[in-house]
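The values are calculated or read from the model by the stated rules, or taken from the named source; none is laboratory data. Since this is a predicted model, take the numbers as computed values, not measurements. Backbone-built Cβ (ideal geometry, glycine too); neighbour counts: all protein chains shown. For the accessible areas, the whole protein counts, side chains as well, though only heavy atoms, and no ligand, DNA or RNA atoms are used. Shrake-Rupley method; radii C 1.70, N 1.55, O 1.52, S 1.80 Å.
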Amino acid sequence: MKKFNKQNLIKALKGNAGTYLLVIAAYIILQLMSAGDMISSSLEGQLVPICAYVVMAISLNLTVGVLGELSLGHASFMSVGAFTGVITAMSLSGVIPMGGVRLLLAMIVGAIFAAIFGVIVGVPVLRLRGDYLAIVTLAFGEIIKNIINCLYVGIDANGLHLSVTDAESLNMDGGTVILNGPMGAVGINKLSGFTAGFLLVIVCLVVVLNFVNSRSGRAVMAIRDNVIAAESVGINVTRYRLMAFVTSAALAGAAGALYAMNYSTVSAAKFNFNTSILVLVFVVLGGLGNIRGSIIAAAALTILPELLREFSDYRMLVYAIVLIVVMLMANSAGGKRIQLWLGDKFRALFGKFAKRNTAKGE
Amino acid sequence: MSKLVPVPSKSMIPERDLGKIPVLETRHLGIEFGGLTAVSEFDMTIGRTEIAGLIGPNGAGKTTVFNLITKVYQPTHGTTLLNGIDTYAMNTMQVNRAGIARTFQNIRLFQKMSVEDNVKVGLHNQTPYTMAEGVLRMPRYWSKERQAHERAMELLSLFHMEDMADVPAGSLPYGAQRRLEIVRALATNPSLLLLDEPAAGMNPSETAELMENIRHIRDTFQIAIMLIEHDMSLVMGICEGILVLNHGKIIAKGTPQQIQNDPVVIEAYLGKKKEG
Ligand SMILES: Nc1ncnc2c1ncn2[C@@H]1O[C@H](COP(=O)(O)OP(=O)(O)OP(=O)(O)O)[C@@H](O)[C@H]1O
Ligand SMILES: [Mg+2]
């Protein structure tokens, strides 16, 4: 029995440790490349968004893949995190000079607010049986976008000012406008960086992977696989659904703060329905419940449009074709067979050069 | 509780349990589905370590009785007392925590999870630690997880399923899936185990083994077991009390001897089966 335990542990470690290693290796390689001026400036500009989208994909996978509920408004939690985060960072700029600390606080506040909205959306919906979450999150996305579009926030020596009409009615003496209605957050000082993004990805991985491999995570997956059976073994279905959904929302909030703090201006339109669907595509493409898949899909599909810039006319066409092909390859029986076949061919080819290693190849 | 009309319980409690409160007592239990009465006036008692059988032709309402007891359906009439406590206001989860565990006629496993994890989900309330303790991998996480693993393996060994621990539950053969459901139910530490057609789809040798196992489970865990079964050799072989249901009503109660010789039962159930 002891032996069994060890085997299980090693197996689990292999899976998760592999994911951590992948992220760390990618970080080191990209850091070295950027130090050696080996990556284009457009790619360099994508590093923080990639990290943000990776976190978005991992966190949405918690709702869609692990919990098995469809969310069509994940970007709205990103939006909540982005704007509350920006407001936090900017209003603390006089108090805390260290940019890193302000960014950290921004991400924490963003995560907390996104979690609060997660509770507001989740409590009424997740008590119900049926696919109501999709429709409610869809509506929630529109609501958040419209609220932020008519919100004006500014700061001066007296503190924060809030208005829903225009920037003038903030009644500030001097000070700066942080949120300027439809123009979104303006004059953000860029605090995000690749290292901060990398650290957030690691934190997100620790939270999600440890959650999934714990009692709570098992309860969530049990609910996904069979609600009645989960109830019949004494699992509080509403509680665990909410737990997964709110965790997912909080991580999206942190990702939003990271993302927003990478630009000088960000508007609510950036976090619209299309963004929610894009993140959903990452998750489906990477495989439901497959965290490593989410990371790879999010990174690859964020870079891909940049790489295709040269073929600007056919960019979206190629993007769509790549999406369809990968989707077919990854998620259909035929695709699995092709993968296996390719694997065999590859191994046979490889075997000619290195006979000994083939036996170990998985 | 005082509002309830006491029922003359035609008790089937075995002698060793006499004088103890019954583990389960149903009173006037019934349900209507939009005018159709599926079960009505279902009164019974189960002793603390009794093995009871619930039999009846197809569509008699047997599974519905289990669904009423476990609150998958909310009864429209009557109630159930578990260890003397009224379960009127409880839901499925609370009924399980109060001591009833069950299996399902159409197997409901957590298909994509491993066999061991299925049992660990059953152990959920036995190995408590918070989400934060789990995410931050605090000491209680490690100790409770070790407990859960050891207990899961111990329970799986009841059916010699330890070496299947890592296999996804959905890929197990049919018989093993039924056994896993029993293990998962036992993991919740119940005082009453409800088995809905545990031998369905099993061959005679598997059924005989299952019979031994059910008896063994009762003896080691000292719990009551109620089972629905069409296999008469199994029912007559292990049940101490049997209840016959037809068209949602109890038509006979008694020992296997009494049931086998009851003309009403023979006509409604056994007789028909012999003709066919
Ligand atoms: N949710 C429901 N809605 C409507 N009718 C139902 C529902 N559940 C059960 N019934 C009806 O109640 C009756 C009893 O069904 P039940 O499944 O309890 O029978 P059973 O004795 O378990 O039969 P079997 O031996 O085939 O499993 C059937 O006529 C069935 O159609
Ligand atoms: Mg049935």
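Do the conditions hold for residue A:22, that is, is it farther than 21 Å from residue A:108 by Cα, at pLDDT 90 or above, open to solvent by 40 Å² or more (accessible area, probe 1.4 Å) and touching a Lys or Arg at 6+ places or on another chain (Cβ under 9 Å)?
yes
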* Structure fact -> Among helices (runs of 4 or more DSSP H) entirely inside region B:98-162, those with 2 or more residues being assigned by TED's automatic domain parsing to the domain that holds residue B:25 and at pLDDT below 95 are none
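Tally up the residues in region A:105-124 that are among the hydrophobic types (A, V, I, L, M, F, W, C) and crowded, with 19+ Cβ neighbours inside 10 Å, please.
Taking region A:105-124 and keeping what is among the hydrophobic types (A, V, I, L, M, F, W, C), we get A:105-109, A:111-117, A:119-121, A:123.
Subset that is crowded, with 19+ Cβ neighbours inside 10 Å: A:106-107, A:109, A:111, A:113-115, A:117, A:121.
So the answer is 9.
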* Which residue, of B:180, B:194, is within 16 Å of ligand 2 (Cβ to nearest atom), under 21 Å from residue B:97 (Cα atoms), within 21 Å of the chain's Cα centre (by Cα) and at pLDDT 95 or above? -> B:194
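Go over the candidates A:111, A:134, A:196, A:106 one by one and state the one that is more than 30 Å from residue A:27 (Cα to Cα) and of a type in the set (A, V, I, L, M).
Checking each option against the conditions leaves just A:134.
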* Structure fact -> Result of the Cβ filter at 7 Å on region B:61-74, keeping first residues that are of a type in the set (Gly, Ala, Ser) and partners that are more than 9 Å from ligand 2 (Cβ to nearest atom) and in a loop (DSSP other than H, G, I, E, B), at least 6 apart or interchain, is B:61/B:248
* Of the numbered conditions (1) within 14 Å of another protein chain (Cβ to nearest Cβ); (2) farther than 30 Å from residue A:180 by Cβ; (3) modelled with pLDDT of 90 or more, residue A:291 satisfies every one except a single condition; which is it? -> (1)
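Yes or no: residue A:269 part of a helix (DSSP H, G or I), farther than 20 Å from residue A:108 by Cα, of a type in the set (A, V, I, L, M) and not assigned by TED's automatic domain parsing to the domain that holds residue A:23? Before the answer, list the steps.
Values: part of a helix (DSSP H, G or I): yes; farther than 20 Å from residue A:108 by Cα: yes; of a type in the set (A, V, I, L, M): yes; not assigned by TED's automatic domain parsing to the domain that holds residue A:23: yes.
For residue A:269, the condition - part of a helix (DSSP H, G or I), farther than 20 Å from residue A:108 by Cα, of a type in the set (A, V, I, L, M) and not assigned by TED's automatic domain parsing to the domain that holds residue A:23 - is met.
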* Pick from region A:219-246 the residues that are open to solvent by 20 Å² or more (accessible area, probe 1.4 Å), facing chain B (nearest Cβ under 9 Å) and polar (S, T, N, Q): which of them is farthest from residue B:66 (Cα to Cα)? -> A:236
* Asked: Quick one: in region B:118-157, which of the residues that are more than 7 Å from chain A (Cβ to nearest Cβ), more than 20 Å from residue B:177 (Cβ to Cβ) and of a type in the set (Ser, Thr, Tyr) is least open to solvent (accessible area, probe 1.4 Å)?
  -> B:143
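Starting from residues that are of a type in the set (A, V, I, L, M) and in a helix (DSSP H, G or I), keep the ones in region A:286-301 and report whichever is most open to solvent (accessible area, probe 1.4 Å). Write out each step before concluding.
Step one: list which residues in region A:286-301 are of a type in the set (A, V, I, L, M), which gives A:288, A:291, A:295-301.
Next, from what is left, pick out any that are in a helix (DSSP H, G or I): A:291, A:295-301.
Numbers: A:291: 15, A:295: 14, A:296: 90, A:297: 11, A:298: 0, A:299: 27, A:300: 50, A:301: 15 Å².
Of everything passing the filter in region A:286-301, A:296 is most open to solvent (accessible area, probe 1.4 Å).
Filter region B:39-59 down to residues that are in contact with a Lys or Arg (Cβ under 9 Å, 6 or more places away or on another chain) and either within 16 Å of ligand 2 (Cβ to nearest atom) or assigned to a helix (DSSP H, G or I) (or both) and give me whichever is farthest from the other protein chains (Cβ to nearest Cβ).
First, the residues of region B:39-59 that are in contact with a Lys or Arg (Cβ under 9 Å, 6 or more places away or on another chain): B:39-45, B:47-51, B:54-57.
Retained after the next criterion (residues that are either within 16 Å of ligand 2 (Cβ to nearest atom) or assigned to a helix (DSSP H, G or I) (or both)): B:39, B:42, B:54-57.
Numbers: B:39: 19, B:42: 20, B:54: 18, B:55: 22, B:56: 22, B:57: 25 Å.
Here the residue is B:57.
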* **region B:213-228 residues that are within 16 Å of ligand 1 (Cβ to nearest atom), paired with ones that are open to solvent by 10 Å² or more (accessible area, probe 1.4 Å) and among the acidic types (Asp, Glu) (beta carbon under 7 Å, 6 or more apart)** => B:228/B:197
* Any hit, region A:302-313, residues being crowded, with 16+ Cβ neighbours inside 10 Å and within 14 Å of the chain's Cα centre (by Cα) -> yes
* Quick one: would you say residue B:72 is β-branched (Val, Ile, Thr), within 16 Å of ligand 2 (Cβ to nearest atom) and within 10 Å of another protein chain (Cβ to nearest Cβ)? -> yes
* **Filter result for residue A:201 (modelled with pLDDT of 95 or more and open to solvent by 20 Å² or more (accessible area, probe 1.4 Å))** => no
* Structure fact -> In the set A:279, A:283, the lone residue that is open to solvent by less than 10 Å² (accessible area, probe 1.4 Å), under 30 Å from residue A:178 (Cα atoms) and not assigned by TED's automatic domain parsing to the domain that holds residue A:130 is A:279
